[in-house]
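A short write-up of the structure that comes next.
The values are calculated or read from the model by the stated rules, or taken from the named source; none is laboratory data. In this text the structure is predicted, and so the values were computed from the model without any measurement. Methodologically, a virtual Cβ is constructed for each residue, glycine included, from the backbone with ideal geometry; neighbour enumeration extends over all protein chains shown. Side chains are part of the model used for accessible areas, which takes the heavy atoms of the whole protein and leaves out ligands, DNA and RNA. Shrake-Rupley method; radii C 1.70, N 1.55, O 1.52, S 1.80 Å.
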Amino acid sequence: MNSYTELRNRQQEEFNAFPLGAAFSNAQFDEMMRKWGLEPTDTDKIYRLPGGVFLRKSDSPAFDEMVERQSREREQAMAADKTGLGYIKDMFAAELANNEFGYTYELDETLDALGLTLDKVKADKRLRKGLNKALKKYYDFKYEI
């Protein structure tokens with residue numbers, strides 16, 4: 001497993017363990033609220049997130065801290081990769097595969113998943129080097145960004 005995948009999996013496990021709720025019907029909403037010790041009418045005690053996800057307001061500070069910390073961890077891992085051939089290459093390799101680059105040969109979804117633009121990659125020697133190394137898996141000929 002590569003370093004990016006290890007970090008992503010650890011962060012995903014932490015996110016999955018966070019007490020978020022999901023409801024796509026009134027019955028599911030009522031069940032979620034009661035599980036949290038709330039009445040279905042206690043809507044002033046929750047936040048609605050995108051995709052039918054809910055968060056208790058009392059958990060909001062911890063949720064915000066987790067999201068910000070995870071973002072810092074990813075940024076620090078990228079900054080620590082001085083050559084682009086460690087975490088950064090692993091990051092691109094994992095997301096190229098996740099976004100089916102081998103079928104589409106389109107970089108947009110990979111870059112979107114990483115919050116990057118092609119201009120930013122081109123402007124950063126480490127990002128460019130890591131992406132080019134990861135792309136070699138998909139190209140028999142020399143191709144570079």
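Observations on the model:
- All positions within region 116-145 that are within 21 Å of Ala77 (Cα to Cα) and not in a helix (DSSP H, G or I): Leu116, Thr117, Asp124
- Qualifying residue in region 122-132 (condition: open to solvent by 30 Å² or more (accessible area, probe 1.4 Å) and at positive phi): no
- Filtered residues of region 79-115 (kept if without any contact (Cβ under 8 Å) to a residue 40 or more places away in the chain, assigned to a helix (DSSP H, G or I) and open to solvent by 20 Å² or more (accessible area, probe 1.4 Å)): Ala79, Ala80, Ala97, Asn98, Gly102, Tyr103, Thr104, Asp108, Glu109, Asp112, Ala113, Leu114
- Residue check, Lys136 over 25 Å from Asn9 (Cα atoms), of a type in the set (D, E, K, R) and free of Cβ contacts under 8 Å to residues at least 24 places away in the same chain: no
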